[in-house]
Amino acid sequence: MSVEEGVFYVIAAITVMGGMGVVFARNVVYSALFLILALLAVAGIFLLLSAEFLALVQILVYGGAVTILVIFALMLTRVQDMPAALDSPQKPFAFLAAAAVLAILILAAVGTTWPGQTEKINAIPLRDFGDALFRTWALPFEIASLVLMVALVGAIVLARGEDGE
């Protein structure tokens, strides 16, 4: 096993542990912190793939902005005031659905013929990348930013409460 593979397995384990922390943490704020850990570990995987731009975007947009938005929404909506409904009769169905998705993912990974290692990385010219980013994908980025802004405004409206302050 090479050094790169060892680093990959360590970062992949951190990503999986962060994802499991998001799901199994009882406190919502701890779940948000585990989400930051998982997203930063994904940025580390992007660095291993020599995709520095994607790693930077992962850290800035997801690790920073989206997670901070989630934490603000949690703080503003007074989560502790709402009743906790963690157990429900749908839990067995959720485990069954999760097991089915896991089985499908394992079958897809095992049944795929993976290409061998390549020594040469095809670099994309920065001009082409910028054209695709600001021409093809500009509208989806704007829509995502509007959705995030609506979520933040909704959290603020919920935080004001029914008393009309």
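The values are calculated or read from the model by the stated rules, or taken from the named source; none is laboratory data. The structure presented is a predicted model; accordingly, all values stated were derived computationally and were not measured. Reconstructed Cβ throughout: ideal geometry from the backbone, glycine too, with neighbour counts over all protein chains shown.
Quick rundown of the values:
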quantity	calculated
Selected residue (criterion: surrounded by the fewest Cβ atoms within 10 Å (Cβ to Cβ)) from residues of the range 24-37 that are small (G, A, S) and under 16 Å from L69 (Cβ atoms)	S31
Subset of the range 1-21 [buried (at least 17 other Cβ atoms within 10 Å of the Cβ) and within 13 Å of the chain's Cα centre (by Cα)]	T15, G18, G19
Cross-chain or 6+ apart pairs with Cβ under 8 Å, the range 5-31 first and among the aromatic types (F, W, Y), then surrounded by 13 or more Cβ atoms within 10 Å (Cβ to Cβ)	F8/I45; F8/L48; Y30/G21
Some residue of the range 53-76 being more than 12 Å from the chain's Cα centre (by Cα) and in a loop (DSSP other than H, G, I, E, B)	no
The range 16-72, subset among the aromatic types (F, W, Y) and farther than 24 Å from A155 by Cβ, residue modelled with the highest pLDDT	F46
Test: residue in the range 73-88 that is surrounded by fewer than 16 Cβ atoms within 10 Å (Cβ to Cβ), modelled with pLDDT of 75 or more and not hydroxyl-bearing (S, T, Y)	no
Criterion: within 28 Å of M75 (Cβ to Cβ), modelled with pLDDT of 70 or more and under 26 Å from the mean Cα position of the chain (by Cα) - qualifying residue of L146, L133, L126, L139	L146
